[in-house]
Structure formats: C-alpha cells, structure tokens
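FYI, it's all coordinate maths here, none of it is from the lab. Quick caveat, the model's predicted, so the values are computed rather than measured. Positions of Cβ are generated from backbone atoms using ideal geometry, with glycine treated the same way; all protein chains shown enter the neighbour counts.
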Amino acid sequence: MANKTVMIPSEVSASDIRTRLASFTSSADVEQGQLFSRGALSTTAGMSEVYAIATPATATLSTLYMAYTPESVILVAPNGNQYKVGDFDPRNFTNVANLVFTGFKPAVDDKILITAEGFTAPWDAAKTHAVAADGQTKLVWATGVAAGLSFELESATAYISIGQNFGSHRITAYQLRCVKLV
Amino acid sequence: MNKMPISVMNFTAGNEIRTKAYAQMAAYVAAFNEGKKNVMGENGEVSFADANETVLKFYKSEIEFMSGKKMADYPLDVYCNFADVKQAAFAIIGMITDLIIPDALIKDIGMISAIKNIGFGDSFKIDIQPRDLFIVSKGSRGKRSYDEKRQFKGTYTLIPEPRNITVAIPLYSILNGDYSIAEFVMKAVQSIEVNVRYDIYDAFDTAMNALATTGDALLKIVGFSQDTALGLQQKVSAWNGNKEAVFLGTKIALGKILPASTNFRFDLGSEYVKIGHLRDYFGVSCIELQNVADYRTEFKMKLKDTVLYVVSPAADKIVKVVFEGSTLANAGGNYDNANLQVETTLSKSYAVGVLTGAIGGYITL
C-alpha cells in the first residue's frame, strides 16, 4: 500500500483567519494536502455547514482549498467498519470518505511542508515551482508560476521527522511558499 | 520491559507455594544451563540431585492437585492412563515451557532482544518516537510566532503465528520401556526454544547486514580497524541518545579486536589469553554471544565468526519477540490412533521481528 501524503502547514493565514477554513465531505478518501474546490453546500440533515468538494478545474484554480485534519488514523474493513486502533504514523492517515474533514484556503506567503506523495510526479532539479492544474488533485512540479495557485520551492532538502523502524527517522519533504493565487 | 507470561502470572497468582516453586524451577534450569554444580535453593545451596527430587515431588503434587486423584491410591500404570491425570501433567508442562523459554532467552540474548507477552487474539504494537530534535532558527523581535514545527510517532505491529510440533511413539515402545513420551516432549520444548533463538539471530543479522555502507548514514563497515570500529561505536552511542554502545560477537570475532599498535599488546596481560578476547577495548565493553549449534544443518554453527555487532543494550532492544497466550500441549490417549501411536502436540504462537527506534552497527572482519 502506498504511503499517504504528510503535510505540515508551517505558517498559513488560515491559522488566524477562520474564514479561510471550511468543513467538507467527499465520497472518496482525501489525502492531506489534496487540492479541491468548494462544491455545493450539503443538503443532508445535520450537515448544514459542510460542503462537497470538486476536482480543480481551470475556472477554480484561484480559489482552491487544501485538506488538512489532525492525523488520527482510521482503518476501514472491507464491510465498511471503521476502527481507530492507535496508529500514529501519519503516512497511514487519510481523510476517510464520507467523514467530515477540514480544508484551508492557501493565501499568498503561506508556507507548507509536504512530502513527495503530494505531487503528481517526482521532483527534479529543474523544477522551481509547484502549481495547481486543471483536473489534478495533487500539486504539479513546474518551472514557473501558472494560472492560479502557485507555490515557489524554498527547499528540496527539508524533512519531516517520523519514528521509523531501525533506520532513518527523516522523510524528505518540500518546503513551499505560496506566491500566486490569481 | 520484560515480563513473565500472562499465563504463568495468572496460574501462580494468589498461591504462594506455587509462585515460589515455579520461580525455583526457573532458577534450577538456569543454573543447570550455566553448568553450575549446585543450585541455590530456598534454604541454601543444594545439589542438582536434590533439586531434581524437589521438582519431581512438586510436579507430582501439582498433578494430584489438578486431577484430584492421589497417585498412591492406584497402580502407577492405571494412574498414568487417567485422562485428567494426563491433562494435568501436560498443563504443567505447558506452564513450565512458558516459564523456561522466555527466561532462557532473556539471559542468553537479552542484549539484542526483548521478550513481550500478549494474550490470545491480541496483536503487538509498538510506537516509535522520532529521535530528531526540532531545528531552532534566529528570528526577528517583532514577530509573534514562527514556523510551526511538528514531528510524528511511527507505529509498527507484530502478529504471532503458531509453531507446532507433534511427537509420536508406538504404544508398544512405551509399554516395553524403550521410550517415554516425556523425553520426546522435553526435546520438543527445547526445539521450540532453539527455533525462537534462530529466528532472533536471523532477524537481527539480516537487519544489521542491510545497514547503509556509504555517506553520513554509514553503519556497516567492511574490515576491522581501530579507528573505524571506535568511530562506529561513537556514532551508534551518540545516535542512540548517548546510550553507550558495546561490541558483540562470538569468541572468535571478539578475539580480532586488538589495538592497532603492537606496542600496546604487551599490556594485554593474561586476560586476552584466558578468556580469548579483551573485556574492554579503549573503554568499550566487548561482550560474547555464545555460538550455538545450527540443528538445521548437521555440525553447522549458527552465528557468524566474521562479524562484530555494535549495539547499545541500554537503548531499545533491536529484536522483539512476542509470545501469544500460553503453550498448548495436546496429549493424545494411548488408544486414540488406529495404529497405536501415542502422540503429543505442542503449539507455541510467537512472532519475531526487528522493531526498534534504536540503531546499530555492523563490522565484517
């Protein structure tokens, strides 16, 4: 099973501005750092402040959200039963389908730390930016800003510390700063 | 932390005589394995002959207590064929197995492994704390907060699987006194213990052998030299939270640890000659892993004489051994099988794996 994306919002506007945060639900699992746009407000009873999500499209690239919820791993059995068994590894965490999760709206100068799983392809030295793209729920490496949400790569040698078995405790992560929204 | 198996704890709880007797039994076995001539009993030192008699007496009293039948009331062959007597006898064998195996493993290879006990149906989980500290940065005076730093624990699991062994003897061989099922069962218990030991060694060596050989992450060195070995020892100690690392190896491997300068060797005294290796090498302890026979291939030895391991015993043990529940001893009746074979099956569920936040070093000689 592939590892899930691990993201740390190092310094984001959403820490101070509550309107940059919203509650969402999705019929599919959503990884941390996944990009989406705000869909319709739920009509389900008891979910009057919860929105559906939509895949990024050309028209929404400037108003995207990123998923970020406290990592509390839920294991799902084939019959749909869900268990919290005390798994602390954030690489096993995903926002499970149909459970409400948090998304924040990145702003210019927001700084995040995100692992390689958060991108559509591996990084190479020519890439200086990571951008949102039509139809992509993950960031796409690029050589410059694009139309819509664009991050500048500040460090490709950053890491996130995770207790691992008999070896390195560091997972390579990319430090990104948001430089463009529109 | 190492603990006694839950089954033994429950079995002896609230019964002082039983608690003392089983503790004494474990001490007898340990003393016997260490090649001692006498063993410390409750009232001072006793010979193994006396200890054996005490154990047998206790064993008989336990069977009588559990089966509710007095041995003296029946002829011995009739008594031994009672189903409840057999069940009691094998329940006690199972209990002794649960007591002796972890005890023997802790004493012999406690440097590299930790024994854990879980109940039937449980899984073993370990959470590994990251060893990293947070990176500190200079910051301006006019800013309320700085980049939020986080780190995460990792979680790993082990699921025990049963290991089974069935021993069988023709009923006729028991009746004519050629063999007893007890001696076969004793070997079966030893076989399980040895199997656990091999699994520990294999898991340990495989993980250590796979360590990085280049760059800053280098933890595996080819060829022994004073500087590289001590450098590796320093690295393992430092990255295990300053828990002093030691050199581990067989007698032959440890014998290769000598000062680079032959000028120092006149000072080795008789220690090197007497025990075959240095106890301390530039302040680093050298600890022998006793080599053992590898019963899977006749006359082969299990441990490599060409390897030195560098581990911090005070840090987290590298290998975890997890025993699930108690040993199941299933003793068949004399007439259960159509061919009059008498069978006993032992089943012990365990898992062995490398699960640790610590690191180690590997030196091939």
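Would you please put B:219-232, A:89-102 in order of how densely packed they are, using the mean number of other Cβ atoms within 10 angstrom per residue and starting with the highest?
A:89-102, B:219-232
What is the local net charge at B:GLY357, summed over the other residues whose Cβ is closer than 10 Å to its Cβ (Lys, Arg +1; Asp, Glu -1)?
0
Filter the chymotrypsin sites (Phe, Trp or Tyr not before Pro) in the range B:261-365 down to the DSSP loop ones having no more than 15 other Cβ atoms within 10 Å, then list what survives.
Counting only loop positions with at most 15 other Cβ atoms within 10 Å, the chymotrypsin sites (Phe, Trp or Tyr not before Pro) in the range B:261-365 are B:PHE282, B:TYR295, B:PHE299, B:TYR335.
Hey, how much of the P(r) for the range B:1-107 falls beyond 16 Å, as a percent of Cα pairs?
When all Cα pairs of the range B:1-107 are counted, 62 percent exceed 16 Å.
Binned at 10 Å from 0, what are the whole-percent values of the Cα-Cα distance distribution for the range B:236-365, short to long?
In whole percents, the pair-distance histogram is 10, 26, 27, 17, 10, 7, 2, 0.
Subtract the Cα-Cα distance of B:LEU218 and B:TYR146 from 0.36 nm times their separation in residues, and report this length gain in nm to one decimal. Could the numbers behind the result be given before it?
On the way: separation 72, 0.36 × 72 = 25.92 nm, distance 3.39 nm.
Here the segment from B:LEU218 to B:TYR146 would lengthen by 22.5 nm.
With no solvent and one equal point scatterer per Cα, compute the Debye intensity ratio I(q)/I(0) for the range B:322-365 at 0.15, 0.16, 0.30 Å⁻¹ and report its log10, rounded to two decimals.
Taken in order of the listed q values, log10 I(q)/I(0) reads -0.63, -0.66, -1.03.
How many Cβ atoms of partner chains, on average, are near each residue of A:165-177 if near means within 10 Å of its Cβ?
The per-residue average across the peptide is 5.
Which of the lysines could a cross-linker span from A:LYS127 if the Cα-Cα distance has to be under 30 Å and same-chain partners fewer than 8 positions apart are dropped?
Correct list for A:LYS127: A:LYS4, A:LYS105, A:LYS111, A:LYS138, A:LYS180, B:LYS138, B:LYS149.
State the three equivalent ellipsoid semi-axes of the protein assembly as shown, derived from the C-alpha gyration tensor as the square roots of 5 times its eigenvalues, in descending order and whole Å. Spell out each step's value before the answer.
Values: eigenvalues 670, 233, 70 Å².
They are 58, 34, 19 Å, listed from largest to smallest.
What do the square roots of 5 times the Cα gyration tensor eigenvalues come to for the range B:127-198, in whole Å, largest first, as semi-axes of the equivalent ellipsoid?
Each semi-axis is the square root of five times an eigenvalue, giving 66, 10, 6 Å.
Taking only the C-alpha atoms, wrap a convex hull around chain B and report its volume per residue in Å³ as a whole number.
That works out to 222 Å³ per residue.
Using the Kirkwood radius over Cα pairs, work out the Stokes-Einstein diffusion coefficient for the range B:48-174 at 4 °C and 1.567 mPa s, in µm²/s as a whole number.
Rounded, D is 62 µm²/s.
What are the extents of the Cα atoms of the range A:90-168 along their three principal axes, listed from largest to smallest and rounded to whole Å?
Dimensions of the range A:90-168 along the principal axes of its Cα atoms: 40, 35, 23 Å.
Compute for chain A: radius of gyration divided by Kirkwood radius, i.e. Rg/Rh, restricted to C-alpha atoms, rounded to two decimals.
Here Rg/Rh amounts to 0.96.
Number of Lys pairs in the range B:54-113 with C-alpha atoms less than 21 angstrom apart, excluding same-chain neighbours closer than eight positions?
8
Nothing charged except the Cβ atoms of Lys and Arg (+1) and of Asp and Glu (-1): what's the magnitude of the dipole of the range A:7-180 about its Cα centre? Round to the nearest 20 debye.
160
How high is the relative contact order of chain B, in percent, counting Cα pairs under 8 Å that sit 6 or more residues apart?
24 percent.
On average, how many beta carbons from a partner chain sit within 10 Å of the beta carbon of a residue in B:127-133?
6
Short version: ³J(HN,Hα) in whole Hz for each residue of the range A:115-120, in order, from phi by Karplus 6.51 cos²θ - 1.76 cosθ + 1.60 (θ = phi - 60°), x for Gly and Pro, what are they?
7, 4, 5, x, 10, 6
With contacts defined as alpha carbon pairs under 8 Å and 6 or more residues apart, what's the relative contact order of the range B:1-107 in percent?
About 30 percent, as a whole number.
Counting pairs of alpha carbon atoms under 8 Å apart in space and at least six apart in sequence, what relative contact order in percent does the range A:7-180 give? Let's see the in-between values first.
Details: 408 pairs, mean separation 42.0, N = 174.
Dividing the mean separation by the residue count of the range A:7-180 yields 24 percent.
Any of B:LYS125/B:LYS153; B:LYS251/B:LYS302; A:LYS84/B:LYS317; B:LYS251/B:LYS304; B:LYS20/B:LYS317; B:LYS235/B:LYS274 with alpha carbons more than 19 Å apart? Name them for me. Please report the intermediate quantities before stating the final value.
On the way: B:LYS125/B:LYS153 12 Å; B:LYS251/B:LYS302 13 Å; A:LYS84/B:LYS317 28 Å; B:LYS251/B:LYS304 10 Å; B:LYS20/B:LYS317 29 Å; B:LYS235/B:LYS274 31 Å.
A:LYS84/B:LYS317; B:LYS20/B:LYS317; B:LYS235/B:LYS274, as the Cα separations exceed 19 Å there.
On average, how many beta carbons from a partner chain sit within 10 Å of the beta carbon of a residue in B:141-152? Intermediate values should be presented prior to the final figure.
Values: counts 0, 0, 0, 1, 3, 2, 7, 8, 5, 10, 9, 15.
Per residue, the number of nearby Cβ atoms from other chains is 5 on average.
Determine the equivalent ellipsoid of the range B:142-248 by diagonalising the alpha-carbon gyration tensor, then write out the semi-axes as square roots of 5 times the eigenvalues, largest first, rounded to whole Å. Provide the component values of the computation, followed by the final result.
Numbers: eigenvalues 515, 105, 25 Å².
For the range B:142-248, the semi-axes come out at 51, 23, 11 Å.
Got a sec to turn the phi values of the range A:143-160 into Karplus ³J(HN,Hα) couplings, 6.51 cos²θ - 1.76 cosθ + 1.60 with θ = phi - 60°, whole Hz, x for Gly and Pro?
Running phi through 6.51 cos²θ - 1.76 cosθ + 1.60 with θ = phi - 60° gives 9, x, 5, 10, 6, x, 3, 9, 10, 9, 7, 8, 8, 9, 10, 6, 8, 10 Hz.
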